[in-house]
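Since the structure comes first, as structure tokens, the remarks are kept for the end.
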Amino acid sequence: MRDRFNEQLEQLNVELIKMGALCEEAISAATKALLEGDAALRETAAAAEREIDQKERDIESLCMKLLLQQQPVARDLRTISAALKMISDMERIGDQASDIAEITRDIEDNPVISHVPLDEMARSTIGMVTDSIDSFVRKNLGLAQEVIRKDDEIDRMFLEVKDELIRRIGQGDSGETCMDLLMIAKYFERIGDHACNIAEWVEFSLTGQHGDL
Amino acid sequence: MTAKLFRNSTAVAVSVMVLSIALFMGMLYQYFSDQLMGELETETWLVAQGVELNGMDYLTGLNTENRVTWVAQDGTVLYDSQADAGSMENHADREEIRQALTDESGTARRYSSTLAQQTLYAARRLNDGTVIRVASAQQTVVTLLLSMIQPILIILALALIISAVLASRMAKRIIRPIVNLDLEHPEDCDTYEELTPLLSRIKHQNDTIQQQVLQLQQKQQEFAALTENMSEGFLLMDRHGHVLSYNNGALRQLGAQAPQGEVNALVLNRSESFRQAVDEVLSGKRSQQMLHLNGRYCQLLANPVMQGEEQMGAVMVLLDVTEQEQREDLRREFTANVSHELKTPLTSISGIAEIMQSGMVKAEDVQGFAGDIYKEAQRLIALVEDIIRLSQLDEGAVNMEREDVDLYQLSLEVTKRLESAAQKHDVTIKTMGRSVQVHGIRRVLDEMIYNLCDNAIKYNRKGGTVAVTVGPVENGVEVSVEDNGIGIPAEDQSRVFERFYRVDKSHSKDISGTGLGLSIVKHGAALHDGQIQLKSTPGKGTTVTLLLPQA
């Protein structure tokens, strides 16, 4: 009976890693589509997003099965509840990545992109998502806390991008493109928040303490 | 053990008891019975004497446990101490009576199954012919035993208790040294001598085990040395995807940290192709994937490990194929370039020839078209010659005769040859320095300096200069070709020595060239154990320095 339980926990772990990897793929495909104008990657991001949704449902039902059939306590219960919370954040990351890919369709080959410090923001965000998944995979508390700290940096970058865009609109650049870029920057900022949430849930499942609670 | 000992000692106790009871019963019963008979005969004699003297009065006054019967000569009972004489049957046919009547005395034993006892009879004939008989009951063996049942049971119980206590004590005493055996050093144990064979066997086994452990450790070390020192990554997992074994190469190539405890393979890497390889191989299929990670290419070969029909796990081998991939890229680029470079002049030639064939060319223009054809053909020849020379350098097939060459003289010759070309580009070229000797292949050295100077002239601007400086340096000689031309952008500097690499991607015809010049310089330098240094600032100029070992 316990063996079965451990097997299911292990399966949950593996599924979460896979879902995290899909998130990384979705966001890096979306970023590439944005920065390099690679249209084929838009479809990659959208496909990853669909797969992420499917994974969310799978993991959710696995968690429910574990909760109902095994009635876990203490650490195991924490792991499963953290998993349930994490998949909603991951699912949001997937959604926003595919939204970014969607927007890139409208601003293809627009020179404004290269003048806005979006690439730095994108790199930092991808780094945060990767680190948050890594902290989960390696059960690394230090890394999780580092991700949580990094969130402020992303917020700062968002403000920088915003200021630059305001300046550009003032200069007479296309307002529509600037708005699109602002949306993208906001999405990156949100993805950073979700990565931060994931890191917080990793911290919770490891220590039983949640930063916000 | 205790139970066994208990059973054994109980069995001994019980059997000893049964045997001794049987012995005593068998021996003593007969003895007692004879004794009783003797007593009975004496008593009969006494009673007979009494009756002789006092008749019936003696009998009625007699007080005895035994039954006394007085029988008349014809067998009728005259008196019986325990029954009414009148009602008793005739006793004449009784064995002891008959004996007494004939022999004066007689005895008999009779067994009464109803009373489960044996009765002893003794009879004596009186002087008047009547017979006195005294009978005494003797208990049989069975009844005797039955009467002894209580003490026997008590003794039996005692025997059981004593056996139990002794058995448990004995077992403890036997077991204690065995339990306390120091299995590592059996020979040092203080035990009883019956254990010695066991101890020597344990010692022997210890030696064998130790030897096997040593062998195993050695094997393991060999295996670890083997896997750790190979540059290929190696990963072994069970059928659930848990990592069983890995080497540092695998961690390095997967960009993973050493995992803590038993982990799933996906903890090491979760990229798409790795996931796919793990999924495929765990479902029993062979898988081959290319992993692109941190700018490096890693080829992933995964094979399921089968035992019969059942999959036991999977082996994964990771090969770093970055260089192969890059070389493959270069080769593709080279092929594309070479075909392009060869096709361009041919297309021109073919086009011009076609126009001439159609007769659309006026007679006076033929010379001009022929000149174009000649120029393109020359370009083609130069290209093919360069390619041939490069491949000769590649294969070392070039005439390898080395001689002492004065680089300064050689540079002077080269610059002289290029004088006219330089004038055409409005570039001044000069040679400075002093005479230095190297031991090398004149033809190759000539070509190297020629190519460098040729480039310096071609990629210059109007009114520019090319300065060739020859001289000795710390550990060899140096030829540096400096120009103040257009320069090479930083991102192209590392690639200009590649075949057909042109900074100007349009392969423009404004500057003629095959794209092989610097490649030939590079190969030539390698042939002379020399080095090339490139310093360039776009817009300011380029300095290429050739370092060669002194003769």
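Among residues of segment B:172-199 that are closer than 22 Å to residue B:210 by Cα and in contact (Cβ under 8 Å) with a residue 12 or more places away in the chain, those with a Cβ under 6 angstrom from a residue that is assigned to a helix (DSSP H, G or I) and hydrophobic (A, V, I, L, M, F, W, C), sequence gap 6+ or separate chain, pair up as B:186/B:199; B:186/B:202. Looking at the structure I just gave you, is residue B:261 out of contact with any Pro (no Cβ under 6 Å at 6 or more places or on another chain), within 14 Å of chain A (Cβ to nearest Cβ) and exposed (fewer than 12 other Cβ atoms within 10 Å of the Cβ)? Yes: the conditions hold for residue B:261.
Residues that are more than 18 Å from residue A:188 (Cβ to Cβ), at the interface with chain B (Cβ under 10 Å from one of its Cβ atoms), in contact with a strand residue (DSSP E or B) (Cβ under 8 Å, 6 or more places away or on another chain) and part of a helix (DSSP H, G or I) do not occur anywhere in segment A:21-35. Scanning segment B:509-523 turns up one or more residues that are of a type in the set (D, E, K, R), at pLDDT 85 or above and buried (at least 17 other Cβ atoms within 10 Å of the Cβ). Taking the criterion of being among the small types (Gly, Ala, Ser) and surrounded by fewer than 17 Cβ atoms within 10 Å (Cβ to Cβ), the residues of segment B:294-336 that qualify are B:295, B:308, B:336. Pairs meeting the criteria (first residue in segment B:201-216 and under 11 Å from residue B:183 (Cα atoms), second residue aliphatic (A, V, I, L, M), beta carbons under 7 Å, at least 6 apart or on different chains) are B:202/B:183. For residue B:244, the conditions (1) of a type in the set (A, V, I, L, M, F, W, C); (2) outside any helix (DSSP H, G or I); (3) within 12 Å of chain A (Cβ to nearest Cβ); (4) out of contact with any helix residue (DSSP H, G or I) (no Cβ under 6 Å at 6 or more places or on another chain) all hold with the exception of (3).
How about segment A:5-20: which of its residues are free of Cβ contacts under 8 Å to residues at least 40 places away in the same chain and either among the basic types (Lys, Arg) or more than 10 Å from every other protein chain (Cβ to nearest Cβ) (or both)? Within segment A:5-20, A:6, A:18 meet the criteria. Among the residues of segment B:366-393, those identified as surrounded by 13 or more Cβ atoms within 10 Å (Cβ to Cβ) and either closer than 21 Å to residue B:442 by Cβ or polar (S, T, N, Q) (or both) are B:382, B:386, B:389, B:390, B:392, B:393.
If you check B:254, B:268, B:291 for being over 21 Å from residue A:15 (Cβ atoms), within 14 Å of chain A (Cβ to nearest Cβ), modelled with pLDDT under 85 and crowded, with 18+ Cβ neighbours inside 10 Å, only one passes: B:291. Considering only residues that are of a type outside the set (Gly, Ala, Ser) and either closer than 16 Å to residue B:340 by Cα or not in a helix (DSSP H, G or I) (or both), which ones fall in segment B:351-377? Across segment B:351-377, the qualifying residues are B:360, B:361, B:362, B:376.
Going by what's in this entry, would residue B:405 be described as more than 30 Å from residue B:269 (Cβ to Cβ), of a type outside the set (Lys, Arg), touching an Asp or Glu at 6+ places or on another chain (Cβ under 9 Å) and crowded, with 16+ Cβ neighbours inside 10 Å? Yes, satisfied.
Quick one: is residue B:276 in a helix (DSSP H, G or I), within 14 Å of chain A (Cβ to nearest Cβ) and within 16 Å of residue B:315 (Cα to Cα)? Yes: the conditions hold for residue B:276. The set of residues in segment B:129-143 that are in contact with a helix residue (DSSP H, G or I) (Cβ under 9 Å, 6 or more places away or on another chain) and either surrounded by fewer than 15 Cβ atoms within 10 Å (Cβ to Cβ) or on the phi > 0 side of the Ramachandran plot (or both) comprises B:129, B:141.
Looking at segment A:204-213, can you tell me whether even one residue there is surrounded by 19 or more Cβ atoms within 10 Å (Cβ to Cβ) and either among the acidic types (Asp, Glu) or not in a helix (DSSP H, G or I) (or both)? No, every residue in segment A:204-213 fails to be surrounded by 19 or more Cβ atoms within 10 Å (Cβ to Cβ) and either among the acidic types (Asp, Glu) or not in a helix (DSSP H, G or I) (or both). Among the residues of segment B:294-310, those that are under 23 Å from the mean Cα position of the chain (by Cα) and either within 14 Å of chain A (Cβ to nearest Cβ) or modelled with pLDDT of 85 or more (or both) comprise B:301, B:302, B:303, B:304, B:305, B:306, B:307, B:310. Look at segment B:34-53: where a residue is of a type in the set (Ser, Thr, Tyr) and a partner is buried (at least 18 other Cβ atoms within 10 Å of the Cβ) and not in a helix (DSSP H, G or I), sitting 6+ places away or on another chain with Cβ atoms under 7 Å, you get B:44/B:122; B:44/B:123; B:44/B:124; B:44/B:132; B:44/B:134. Condition check: basic (Lys, Arg), surrounded by fewer than 18 Cβ atoms within 10 Å (Cβ to Cβ) and under 16 Å from residue A:24 (Cβ atoms). Does residue A:123 satisfy that? Considered against the rule, which asks whether it is basic (Lys, Arg), surrounded by fewer than 18 Cβ atoms within 10 Å (Cβ to Cβ) and under 16 Å from residue A:24 (Cβ atoms), residue A:123 comes out as yes. Listed by position, the helices (runs of 4 or more DSSP H) enclosed by segment A:104-178 that each have at least 3 residues that are in contact with a Leu (Cβ under 6 Å, 6 or more places away or on another chain) and within 20 Å of residue A:194 (Cα to Cα) are A:118-137. So, in segment B:221-241, of the ones that are within 14 Å of chain A (Cβ to nearest Cβ) and closer than 22 Å to residue B:290 by Cβ, which residue ends up surrounded by the most Cβ atoms within 10 Å (Cβ to Cβ)? If we take residues in segment B:221-241 being within 14 Å of chain A (Cβ to nearest Cβ) and closer than 22 Å to residue B:290 by Cβ, then B:237 is surrounded by the most Cβ atoms within 10 Å (Cβ to Cβ).
The values are calculated or read from the model by the stated rules, or taken from the named source; none is laboratory data. Keep in mind that this is a model prediction, so the values were computed, not measured. So basically every Cβ, Gly included, is an ideal-geometry build from the backbone, and we count neighbours across all protein chains shown.
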